[in-house]
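Right, one structure below, let's go through it.
The values are calculated or read from the model by the stated rules, or taken from the named source; none is laboratory data. No experiment lies behind these values; they were computed from the predicted model shown. No Cβ is skipped: glycine too gets one built from the backbone with ideal geometry, and neighbour counts run over all protein chains shown. With ligands, DNA and RNA removed, areas are computed over all heavy atoms of the protein, side chains included. Shrake-Rupley method; radii C 1.70, N 1.55, O 1.52, S 1.80 Å.
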Amino acid sequence: MITKGGLNAATRSLAMEYTKEHIRFNAVAPGVVDSPLYATAPKDSLKRSSPMGLITTVEDIASAVVYLTEARQITGEVLHVDSGAHVGKW
């Protein structure tokens, strides 16, 4: 929890520091991603533990990054791409 709070604080602090220079700071906070890290994990188990019953894909993360790079008015945000895990159902 401390590291997640640190990510939020650092993102907001940097955004505030550099906003006058039109430099934006945002972050993507992924949950469990269908990647080689979880290759041996049972997919059904991962889906059951996800609030939305989905496993995040690499494409989902890439879409979030593209969104943040194109959203010129967004700064200081942490975009959670975790099928709702950050709201607390674990």
*Under a 5 Å amide H to amide H cut-off, with H placed in plane at 1.01 Å, what residues pair with LEU79 once short-range neighbours are removed?*
ALA27, VAL28, ALA29
*Quick one: if you stick a label point 7 Å off each Cα along the C-beta vector at ALA71 and LYS20, how many nm between them?*
2.6 nm
*Label-point gap, in nm, between SER13 and TYR38 - each point 7 angstrom along Cα→Cβ*: 3.1 nm
_Per residue value of the accessible surface for the range 1-66 (all protein chains in place, 1.4 Å probe), Å²_ = 74 Å²
*Just from its helices, what would the mean residue ellipticity at 222 nm be for the chain, if runs of 4 or more DSSP H residues each count -39500 (n - 2.57) and the sum is divided by every residue, rounded to the nearest 500 deg cm²/dmol?*
-13000 deg cm²/dmol
_Helix 58-70 vs. the chain, principal-axis angle (Cα, 0 to 90°, nearest 10)_ = 10 degrees
*Enter the accessible area of LEU7 (Å², nearest 10), with the probe set to 1.4 Å and all protein chains included.*
70 Å²
*Quantify, in whole percent, the carbon and sulfur part of the accessible surface of the chain (1.4 Å probe; protein heavy atoms only).*
60 percent
*Excluding residues fewer than 8 places away in the same chain, name every one of the aspartates and glutamates whose C-alpha is closer than 12 Å to that of LYS4.*
none
*Treating the angle as unsigned and between 0 and 90°, give the value, to the nearest 10°, between the Cα long axis of helix 2-18 and the longest Cα principal axis of the chain.*
30 degrees
*When the C-alpha atoms of the chain are aligned to their principal axes, what extent does each axis show, in angstrom, from largest down?*
47, 27, 21
